[in-house]
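The values are calculated or read from the model by the stated rules, or taken from the named source; none is laboratory data. Computed from a predicted structure; not experimentally measured. In this analysis, Cβ positions are derived from the backbone assuming ideal geometry, glycine residues included, and neighbour counts consider all displayed protein chains.
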């Protein structure tokens with residue numbers, strides 16, 4: 001019977017689920033979407049999940065506090081279903097890939113992920129339960145999927161979109177505790193931190209104050225400094241032109257071509273290269289963009305859409321790409 005696995009039933013105990021904070025506005029979708037420009041946010045704006053344990057090291061049972069409340073895993077999960085591309089990348093990075101039974105249809109990294117037709121846009125509890133999971137990792141609670149899975153006795157960790165780098169590190173550590181790979185998770189966190197620090201240190205001091213325009217899609221939705229990706233630019237001391245735009249308070253304002261040209265960004269980062277075919281060449285062909293410093297000086301980063309829209313360990317790759325572009 002679906003969802004009534006004795007393995008699932010014995011693997012988890014749930015405390016009452018605390019309400020999630022409001023999800024990201026729809027305008028946030030292109031940044032934290034399942035694919036960039038995919039049209040649906042991968043997570044909300046909840047606080048980073050915390051980790052508490054009832055035993056040291058990788059011993060079980062382990063008690064975790066995620067965005068759906070307190071969860072106790074009695075045994076190490078061996079059939080994980082990840083419904084979040086960011087969580088999928090984290091699980092494989094920390095060495096828990098062999099424990100992943102299935103992932104959603106947008107989890108495409110690393111290459112060996114067991115991708116299925118499970119939809120994270122319209123998740124179905126019965127379809128997920130067919131994989132007999134002893135742990136499901138979600139990044140949003142679309143249509144009450146967390147409660148639906150719990151009703152089927154399927155254990156759930158809800159890890160909403162990280163709001164900053166600390167949130168990424170905390171989620172890596174939480175998944176390490178949840179899967180019995182806490183040491184490996186700590187090593188991944190340290191590696192990401194070191195790489196980002198090195199990327200920031202590699203650029204000259206006069207980079208501080210450089211104006212940056214981050215493009216989420218060709219209709220010029222952008223991301224302010226209050227977003228996860230904006231925080232990366234903050235590490236480099238960059239000035240984000242989206243911060244002063246109308247609608248900036250929501251984090252993801254839609255800019256006009258006139259506004260972007262007037263702001264004269266010295267760095268343009270395109271997070272719509274794969275979804276939408278944007279490139280340095282197409283930007284240069286836009287009316288009046290031939291006067292924009294980033295265009296005339298050749299500082300346009302054609303980013304990988306997924307790397308620029310997920311909060312997993314490849315955020316270090318993104319920071320290194322930004323640094324390389326700033327160094328010229």
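On the stretch given as segment 229-251, residues that are assigned to a helix (DSSP H, G or I), in contact (Cβ under 8 Å) with a residue 12 or more places away in the chain and under 18 Å from residue 311 (Cβ atoms) total 6.
Hey, among 116, 179, which residue is at pLDDT 95 or above and over 18 Å from residue 63 (Cα atoms)? Exactly one of 116, 179 is at pLDDT 95 or above and over 18 Å from residue 63 (Cα atoms), namely 116. Within segment 304-311, not a single residue is more than 26 Å from residue 139 (Cα to Cα) and without any contact (Cβ under 8 Å) to a residue 24 or more places away in the chain. I'm trying to understand the selection: among the residues of segment 252-270, which are surrounded by 17 or more Cβ atoms within 10 Å (Cβ to Cβ), part of a loop (DSSP other than H, G, I, E, B) and touching a helix residue (DSSP H, G or I) at 6+ places or on another chain (Cβ under 6 Å)? Selection gives 252, 253, 265, 266. Any residue in segment 15-33 that is farther than 15 Å from residue 138 by Cβ, at pLDDT 50 or above and surrounded by fewer than 16 Cβ atoms within 10 Å (Cβ to Cβ)? No, segment 15-33 has no match at all. Of the helices (runs of 4 or more DSSP H) lying entirely inside segment 271-311, the ones with 2 or more residues being at pLDDT 95 or above, assigned by TED's automatic domain parsing to the domain that holds residue 260 and surrounded by fewer than 17 Cβ atoms within 10 Å (Cβ to Cβ) are found at 280-284, 293-296.
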